[in-house]
Amino acid sequence: MSVTAPAGFVAAGAAVGIKPTGHPDLALVATASGRAVEAAAVFTANRSAAAPVEISRAHLETTGGRAAGVLLTSGNANAATGDAGRAAAAELCALAASGIGVPTEEVLICQTGLIGVPFPIATVRPTVGGVVRTLAGGADAARAAATAIMTTDTARKEVLVDGGGFLVGGMAKGAAMLAPDMATMLAVLTTDAGCEAGLLRRLLAEAVGETFNRLSVDGCTSTNDTVIVLASGARPAVPPAALGRSLAEACRSLAEQMAEDAEGATKVVRFGVVGARSDDEAHRAARKVADSLLVKCSLNGEDPYWGRVVSEVASAGVGFELDRVAVAYGGVEVCGHGEAVEHDEAAVARHLAGRHLELTVDLGLGTGRAVVLGTDLGYGYIDENRTTS
């Protein structure tokens, strides 16, 4: 189980006609009691935020950080759809809220799919009440919900973390347009820990900052990115630090699953930078390398072309002195003091032939360090994205 494992939660998933394939495309995660609980969210930094992001932000502000459910749809992003899109998102919340028996503002909404396409509210409107009536606990319900939010994902993304006396469950979708702030990704987390809304917001933001915001597949930030957590409070005596660690662990697992399932990727790469003047500068440098199309192509071709790596770090706007720089693939140094060094070429080739890679840059300037999780650039990514998909 995932989102239904923590005490106090139910879920559902169904096909309601958004996707022309007839595949499942509407999910709902709600409290088993039908009452609102503490909630928090982190949303995309994209200034063209989609209608569901606008509506969910407004609902959380109105309730002071409480929600009884999250409705999610896939196959249509409801982004760049104007007043009609906002009205559709608000109506979906109202329909779900009516079925649950709560005010409209106590339902949040996430949507994912194609941008700029009017949302088919007339098709979906008659179906929401039926989905609400199928809400249930257990693994089957959790799987149905996780399946219904998939778009180009090839597998469900679920997680369950035992925090020792409390649980954190989660589900997510995301395979491309993955770049901070957050990765086209949606995630819903549930926990039976007790936590007031303000603290829950801080703990979620910290968890997202060190996980989803350290993930980059293509450098593109979606209009719809959303991470939501609901806390039932069934286990009230939970140390905040323990809850924070468990939220981060759940988010990290989901981020890693996204990287593994990234569109067209043949390699999952940990881009590390050490020896920076600060952790922030290390993060900026690592992200510059992770986002580089030239570096991604080299990794796809299993070519240890470290010159591209050095060039990217040198243009990242961080402290840099070429004669201090070292680059290593899988722990084998190929560049030292800014120049090529003798190394075990066979060992590097074996490492680059694998699925999981490590590329590390040492700037030699301080103690700052960071890792960004990313991928190579494979032919499948271009095939998937060369047309509207």
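Some notes on this structure:
- Meets criteria (open to solvent by less than 30 Å² (accessible area, probe 1.4 Å) and more than 17 Å from residue 129 (Cα to Cα)) for residue 16: no
- Residues that are within 21 Å of residue 307 (Cα to Cα) and open to solvent by less than 50 Å² (accessible area, probe 1.4 Å) were ranked within segment 366-389; the one that is modelled with the highest pLDDT is 370.
- Here the condition is being surrounded by 24 or more Cβ atoms within 10 Å (Cβ to Cβ) and touching a strand residue (DSSP E or B) at 6+ places or on another chain (Cβ under 9 Å); of 170, 137, 130, it holds for 170 alone.
- Within segment 257-283, considering residues that are surrounded by fewer than 20 Cβ atoms within 10 Å (Cβ to Cβ) and in a loop (DSSP other than H, G, I, E, B), the one nearest to the chain's Cα centre (by Cα): 266
- Some residue of segment 198-208 being buried (at least 24 other Cβ atoms within 10 Å of the Cβ) and assigned to a loop (DSSP other than H, G, I, E, B): no
- Residue 250 vs. criteria part of a helix (DSSP H, G or I), in contact with a Gly (Cβ under 8 Å, 6 or more places away or on another chain) and more than 26 Å from residue 379 (Cβ to Cβ): yes
- Residues of segment 208-238 that turn out to be more than 18 Å from residue 109 (Cα to Cα) and at pLDDT below 95, as a count: 18
- Pairs with Cβ under 7 Å, 6+ apart, first in segment 294-315 and closer than 16 Å to residue 356 by Cβ and open to solvent by 50 Å² or more (accessible area, probe 1.4 Å), second in a loop (DSSP other than H, G, I, E, B) and not polar (S, T, N, Q): 302/353
- Exactly one residue out of 164, 169, 99 is part of a loop (DSSP other than H, G, I, E, B) and among the small types (Gly, Ala, Ser): that is 164.
The values are calculated or read from the model by the stated rules, or taken from the named source; none is laboratory data. What you see is a predicted model; the values in this text were computed from it and never measured. In this analysis, Cβ positions are derived from the backbone assuming ideal geometry, glycine residues included, and neighbour counts consider all displayed protein chains. Quick note on the areas: whole protein, heavy atoms, side chains included, nothing else; ligands and nucleic acids left out. Shrake-Rupley method; radii C 1.70, N 1.55, O 1.52, S 1.80 Å.
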